[in-house]
Amino acid sequence: RNVKVWVTSGLFAAAAGGYLLILGANSGRSESKTASEKLSHGDQILVGDFDAQPRDSLSARAVSEMLRTSLGYSHAVSVVSRVEVDRSLRLMQLPVTSRLDRQLAQDLAIRSGYEAVLGGAITPVGKGYVLSARVTTPTGKELLTLSETAGSDDLLIPAIDRLSKSLRRTIGESASALDSVRPLAQVTTRSLRALKLFTQAQDETRAGKATSQHTLSLLREAIADDSTFAMAHRFLGIKLYLLDSVHASIRSLRRAERFSDHLTDVERFYALSTLHLVLRDYVRALDEAEAVWKLDPKRLWALNQIGILDNFLGRHAHSRETALKRWQLDSTGRADLPIAAIYAGQVDQAIVTGRELLSMHKSSTGLNSSSETRRLMALLYSAAASFDSAEFYASPRGESYEGDMQILAYSQLSRGQMAKAFATLGVRPRGAESRAALPDFSPVRESAAAAATMLLATDRKSAAKRLNAVLADAAFHSGDPADRFVGPVLALSLAGRAVDARHELQAIESALDSDMEAARYPELSLARGAVALAENRPEAAIGALKYASSSFTFSDNACRVCALPWLGRAYEAAAQPDSALVVYERFLSTGDPGRVFVDGPWRAVVLRRLADLYAERGDVTTSIKRLEQFVMLWKEADRDLQPQVTSARKRLAELQKSKPLAAAR
């Protein structure tokens, strides 16, 4: 499957615990040494990493994140989010894992124009700790100092809370606003150990270990320590979703919903919107994302979520407005404007905007933003059916850009270059299906190769060998059946193996609960339609495939066009060629940034079928146009596919000769 970009567009700004350093007794003290008039309403405060003695980077990070989260709800000042910090570090060509010590925090504040920097230290004293905080100007001039104490580990989290409220009170927060804020222990967790584990999981994620098994273990340990820790449930749910464990993901997100009273207002709406997006309740998910944005207009996650849901609901004009707002907040972030343009069918404009974004990063080839933009350009060009350009941007470029093998392979496949595509995908080459499976045998990729073999080479025997290997693979049957991908069902249907296709579909359906049925219903409808077509039940196939094509099909790549070639085939099987023609044209014209994964095996097939259907209607001009597009697309196809190109050229010549006669009639 492809990566689910929409769920990972903003990591949870959750707090984490730490060893606060507290002096003395069970109650805390706070004091202010400097007047707060030097901080103005609305000033931006950058929270740096705290020092720890003895040195304990995890505890220091925990304190910083906890304070950042708490201060994030202040109406007196604006705290710089972790997302903004990471963006600034990338612009400075520094890793996002860089420790934000006093000097780096001040440098970053000067570069970005922030008004103040918050730092400090945590120090153990006896069985307790003391936490000291210091607010300075970016140049280091002291504006405010505070300290807080507690006498044991159990009192560390309340100590952070008191320090945060003291700071907010001193810089002008109203008493009524502070009184309305629930204690941090109530909206995060009362367990220091759980908070520390959660912080470590966050740090590993920011270090590029988004799907690390160790990170999952940390989150599970945090939940074992505090089963009501809603932020950990949500974080684990999204990570499981990235690993295609949708069933387990939904269970975790449901637990976050159950314990949502342990979340701040922003975090609660965040968790619920994520759950409802996965369950395809787009209207509720949009309402909740908009609630996040109203509470925090600078939260990039909210704008990204709203833009995605706008597209899912067909509100493409509003999606563009949302993308513009996000662009204004973060011009170096994900390119939502080109994506919005693609969904609106404005492919040329999308490419222009993508080039502008790429130009911004041309001197920063080592940055993630540059790599992400190259991948974006590959998608944009593939959406424009410029597959040679898509291949250029998807291809690796030294150590700074590893390329995108999925986009590259399907771009090659669309051009009839199956040998290259199979090598790029890492599957066995054609003609070698009887060889022993490769060490990294992938049922997903082998099923895709089998489908392509059927569609492009009409080689049922070779496709059958690949599918037999998939069905015999132990790993394929070892996971949760409710999560099993539908690729083998589709490929078996194409190969005419209706009984096997039905068996595999029933194995999935028997494991579904209501949540999984909701999460997967469009792709399941596609599979049901494919099986019905293989069983020679075209009317039933049409019903299922129309249902699939009415929504974004796959939960991971938000495909709007996946079901359309199948629906066209179903209409042809039902002897409804005019409906088939309309659906095939809709397939070619629908804007979808991820359509390359469907164009790979289907585009050439659809072009040739359209040429035949138009010719049967007597529309020779359009038939010629579609056939010419096929010949151009496959001009560099594999040698064993070239007879199809030769046949198409002969047919073109016949149509050209018949064109004057058709015009005369």
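The values are calculated or read from the model by the stated rules, or taken from the named source; none is laboratory data. Computed from a predicted structure; not experimentally measured. Positions of Cβ are generated from backbone atoms using ideal geometry, with glycine treated the same way; all protein chains shown enter the neighbour counts. We work out accessible area using only protein heavy atoms, side chains counted, and drop any ligands, DNA or RNA first. Shrake-Rupley method; radii C 1.70, N 1.55, O 1.52, S 1.80 Å.
For this structure, a couple of remarks:
- Taking Lys and Arg as +1 and Asp and Glu as -1, the other residues whose beta-carbon sits under 12 Å from that of Q213 total +2.
- Percentage relative contact order, segment 408-543, counting C-alpha pairs under 8 Å, at least six apart: 17 percent
- With contributions of -39500 (n - 2.57) from each DSSP H run of at least four residues, the per-residue ellipticity at 222 nm computed over the chain stands at -19000 deg cm²/dmol.
- Furthest towards positive pole of dipole, A194, V47, A323, structure part the chain, Cβ charges: A323
- Among S549, L564, A507 - extreme Cα towards positive end, dipole of segment 451-583, charges at beta-carbon: L564
- Heavy-atom accessible area per residue - segment 531-644, 1.4 Å, Å²: 38 Å²
- Reduced Cα scattering model of segment 380-499, Debye log10 I(q)/I(0), q = 0.14, 0.23 Å⁻¹: -0.63, -1.28
- When the inverse distances between all different Cα atoms of segment 174-218 are averaged and flipped, the Kirkwood radius reads 12.3 angstrom.
- Amide H contacts of V47 (H built 1.01 Å from N, under 5 Å, at least 5 apart or other chain): V80, L118
- Sorting M632, M231 by solvent-accessible area of protein heavy atoms yields M632, M231, largest first, with a 1.4 Å probe.
- Binned Cα-Cα distance frequencies in segment 180-260 - 10 Å width, integer %: 21, 52, 25, 3
- Relative contact order (percent, whole number), segment 576-656, Cα cutoff 8 Å, 6+ residue spacing: 25 percent
- The Rg/Rh ratio for segment 261-326 is 0.96, where Rg is the radius of gyration of the alpha carbons and Rh is the Kirkwood radius.
- Residue ranking by accessible heavy-atom surface, 1.4 Å probe, largest first, among E433, E616 comes out as E616, E433.
- Within segment 469-570, the proportion of C-alpha pairs whose separation exceeds 20 Å stands at 33%.
- Note that the chain shows a convex hull volume over its alpha carbon atoms of 158 Å³ per residue.
- Phi-derived couplings, Karplus 6.51 cos²θ - 1.76 cosθ + 1.60 at θ = phi - 60°, listed residue by residue for segment 301-314: 4, 4, 5, 5, 5, 4, x, 4, 5, 4, 5, 5, 8, x Hz, with x used for Gly and Pro.
- For the peptides 375-383, 201-209, 587-595, 170-178, the ranking by mean Cβ contacts within 10 Å, running from highest to lowest, is 375-383, 587-595, 201-209, 170-178.
- Approximating the spin labels as points 7 Å out from Cα along Cα→Cβ, the V283-to-S359 distance works out to 4.4 nm.
- Placing a label point 7 Å from the Cα of Q186 along the Cα-to-Cβ direction, the residues of segment 234-275 whose backbone N falls under 17 Å of that point are 259-269.
- Separation in nanometres of the label points that stand 7 Å from Cα toward Cβ, at E654 and D612: 1.2 nm
- Full extension of the chain between V582 and Q506 yields a length gain of 24.2 nm, computed as 0.36 nm times the residue separation minus the alpha carbon distance.
- Whole-number percent relative contact order across segment 304-358, with pairs defined as alpha carbons under 8 Å at least 6 apart: 29 percent
- Burial order of peptide ranges 450-456, 69-75, 138-144, 488-494 (average beta-carbon count within 10 Å, highest first): 488-494, 450-456, 69-75, 138-144
- Near L143, the amide H atoms lying under 5 Å from its own belong to V135, T136, T137; only residues 5 or more places off or on other chains count, and H is placed 1.01 Å from N.
- Cα-based convex hull volume of segment 374-448 per residue, rounded to whole Å³: 95 Å³
- About its Cα centre, the dipole of segment 243-287 is roughly 200 debye, where the only charges are +1 on Lys and Arg Cβ and -1 on Asp and Glu Cβ.
- Of the residues Y241, G591, F392, the one whose Cα sits farthest towards the positive end of the charge dipole of the chain is F392 (charges of +1 on Lys and Arg Cβ, -1 on Asp and Glu Cβ, taken about the Cα centre).
- Note on the chain: with neighbouring protein chains present and a 1.4 Å probe, carbon and sulfur make up 51 percent of its accessible heavy-atom surface.
- Net dipole in debye of segment 553-649 [+1 Lys, Arg Cβ; -1 Asp, Glu Cβ; about Cα centre; nearest 20]: 100 debye
- Averaged per residue, segment 240-381 has 40 square angstrom of accessible surface, using a 1.4 angstrom probe with ligands and nucleic acids left out.
- Computed FRET value (nearest 0.05) for N468 with D388, which takes r as the C-beta separation and R₀ as 35 Å: 0.50
- Solvent-accessible surface (1.4 Å probe) assigned to I160 amounts to roughly 0 Å².
- Overall form of segment 213-288 per C-alpha gyration tensor (a/c, 1.5; a/b vs b/c): oblate
- Most to least packed among 569-580, 292-303 [average Cβ atoms within 10 Å]: 292-303, 569-580
- Integer Hz, Karplus 6.51/-1.76/1.60 couplings in order for segment 414-427, x for Gly and Pro: 4, 8, x, 9, 5, 4, 4, 4, 5, 5, 5, 6, x, 9
- Kirkwood estimate for segment 87-232, i.e. one over the average of 1/r between Cα atoms, Å: 17.5 Å
- In the context of the full set of protein chains, segment 470-511 has a per residue accessible area of 39 Å² (1.4 Å probe).
- Rounded to whole numbers, the Karplus 3J(HN,Hα) couplings from phi for segment 222-230 are 4, 5, 4, 6, 8, 5, 9, 6, 5 Hz, using 6.51 cos²θ - 1.76 cosθ + 1.60 with θ = phi - 60°, and x at Gly and Pro.
- Computed E for R220/S176 - FRET, C-beta separation, R0 41 angstrom, nearest 0.05: 0.55
- Largest accessible area first, the residues K420, K465 order themselves as K420, K465 under a 1.4 Å probe with ligands, DNA and RNA left out.
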